[in-house]
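Below you'll find the structure, written out as structure tokens, and then a few comments.
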Amino acid sequence: MAKYVPDSKTQRWVIISGSRTKRPSDETPLRPSGFEGQGKKVCPFCPGNESLTPPEVYRIGAGAANGPGWDVRVIPNKFPITDIHEVIIHSPSDTEDIEDMPVGQVTKIFTAYRDRYRTNQELGQVMIFCNHGLGAGASLTHPHSQLVVVPNQINLDAVEMEPITNIVEENTNFITHCPDFSQWPFEVWIAPKVPGKRFGEVTDGELPDLAGVMQDALKKIQVALSDPKNAMFHQADHFIYNYYIYHGKNWFLRIIPRAIHRAGFELGTGLSVNVMDPTMASEWLKRGKLE
Ligand SMILES: [Zn+2]
């Protein structure tokens, strides 16, 4: 059971969730003892291993519940942060993520996000986020996202929608941009053209558009970070990023490439230092290079 602790002065909270320390990683053998192949690395998110996860709550694709055949699968997190915590498995592939897979599969992932948001929205504030790459906080490498419901009475200290500036790309329904208030190098936001909505209001017709700009944004960031001029960001070999979908009204999706480490100054002051001007970042992403 998660415990919520308020700060004595500000509106901030901390969640004390002791069960998180017991979660598995790819480094530990996951097969139950006595099982064939004991001691080998086994991914509980790969098709055929459905019995290693809690029973699923949602799937897109074929096959019976808790067996293979799915395209996207959603299960309760075995090691929850809060009382409702789900894992959205991006695809049957153990390695391919949004930047590599067919865009139709990305649409299925966003369909799952939207549907699970709708299912949980009456129960609290629905946070959907992804930690891609071990350095970004993922404990298993099989690409997945998470959905956490935070009770409505817990104040969230979250950045709200910023004015749209430094546009990178747009299509019929969405705009990709680098807001002036960017805290991280090559931070990218995706916002719907019609403001004032919650993520659960995204229509079936808008989902492919959203999947398209999302995949484009990640590809553009990956190209920019692999440019020799950005060698200081040390992302040449592995692409590490987080993204999340804002939980409330005026939703947006925020992608944060983890090109730098936060250090003492930021931790002690709450002030972010961004070494990449967002206007330059947007030009770079748009052209695929720096002129
Ligand atoms: Zn896997």
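Taking square-rooted eigenvalues a ≥ b ≥ c of the alpha carbon gyration tensor, is the stretch 175-291 rounded, prolate or oblate, where a/c under 1.5 means rounded and, failing that, a/b exceeding b/c means prolate? Mind dumping the intermediate values first?
Values: a/c = 2.08, a/b = 1.38, b/c = 1.51.
Oblate.
Once you've got the GNM for the chain with C-alpha springs shorter than 10 Å, pick whichever of E201, E187, E99 has the biggest mean-square fluctuation.
Looking only at E201, E187, E99, the largest GNM fluctuation is found for E201.
To the nearest 0.05, how large is the calculated FRET efficiency for R287 and T10 if R₀ is 41 Å and r is the Cβ-Cβ distance? Working shown, then result.
Details: r = 42 Å, r/R0 = 1.01.
Taking R0 as 41 Å, the efficiency between R287 and T10 is 0.50.
Measuring from label point to label point, each 7 Å out along Cα→Cβ, what is the A263 to C43 span in nm?
Roughly 3.5 nm, to one decimal.
Based on DSSP H runs of at least 4 residues, each adding -39500 (n - 2.57), what is the mean residue ellipticity at 222 nm of the chain after dividing by all its residues, to the nearest 500 deg cm²/dmol? Kindly include the intermediate steps, with their values, before the conclusion.
On the way: 4 runs with 53 residues, N = 291.
Estimated from H runs of four or more residues: -6000 deg cm²/dmol.
Compute the distance in nm between two label points, each set 7 Å from the Cα along the Cα-to-Cβ direction, one at V273 and one at N171.
Each label point is offset 7 Å from its Cα along the Cβ direction, giving 3.9 nm.
Can you tell me the accessible area per residue over the stretch 118-188, all protein chains present, probe 1.4 angstrom, in square angstrom?
Working: 2930 Å² over 71 residues.
Using a 1.4 Å probe on heavy atoms only, each residue of the stretch 118-188 averages 41 Å².
Could you sort 177-183, 47-53 so that the peptide with the highest average Cβ count within 10 Å comes first and the rest follow in order?
Working: 177-183: 20.0, 47-53: 15.6.
Top to bottom by mean Cβ count within 10 Å: 177-183, 47-53.
For K3, give me every one of the lysines with a C-alpha distance below 23 angstrom, ignoring sequence neighbours fewer than eight places off in its own chain.
Cα-Cα hits under 23 Å: K22, K78.
Treating the angle as unsigned and between 0 and 90°, give the value, to the nearest 10°, between the Cα long axis of helix 103-120 and the longest Cα principal axis of the chain.
80 degrees
Please say if the chain is rounded, prolate or oblate, where rounded means a/c under 1.5 for a ≥ b ≥ c the square roots of the C-alpha gyration tensor eigenvalues, and otherwise the choice is prolate for a/b larger than b/c and oblate otherwise? Working shown, then result.
Details: a/c = 1.39, a/b = 1.30, b/c = 1.07.
Taking the square roots of the gyration eigenvalues as a ≥ b ≥ c, the chain is rounded.
For the residue pair A62 and Q121, what label-to-label distance in nm results when each label sits 7 Å from Cα along the Cα-to-beta-carbon direction?
Reported label-point gap for A62 and Q121 is 3.3 nm.
Students often get this wrong, so check it: of K197/K219; K41/K219; K193/K286; K193/K249, which have C-alpha atoms separated by over 21 Å? Could the numbers behind the result be given before it?
Values: K197/K219 27 Å; K41/K219 30 Å; K193/K286 19 Å; K193/K249 14 Å.
K197/K219; K41/K219, as the Cα separations exceed 21 Å there.
Using a 4.7 Å cut-off between beta carbons, which cysteines in the chain end up with no partner cysteine at all?
If one checks each Cβ against the other cysteines of the chain, C130, C178 turn up with nothing under 4.7 Å.
What residue among I60, I245, I255 has the largest mean-square fluctuation in a Gaussian network model of the chain, using Cα springs under 10 Å?
Largest GNM mean-square fluctuation: I60.
To test your reading of the geometry: what angle, between 0 and 90 degrees and rounded to tens, separates the Cα axis of helix 278-287 from the longest principal axis of the chain?
80 degrees
How much length is gained on full extension from D100 to M232, taking 0.36 nm per residue of separation minus their Cα-Cα distance?
Details: separation 132, 0.36 × 132 = 47.52 nm, distance 2.43 nm.
Here the answer is 45.1 nm.
The values are calculated or read from the model by the stated rules, or taken from the named source; none is laboratory data. Small disclaimer: the values here were computed from a predicted structure and weren't measured. Virtual Cβ from ideal backbone geometry, glycine too; neighbours counted across all protein chains shown. Ligands, DNA and RNA are excluded from the accessible area calculation, which covers all protein heavy atoms including side chains. Shrake-Rupley method; radii C 1.70, N 1.55, O 1.52, S 1.80 Å.
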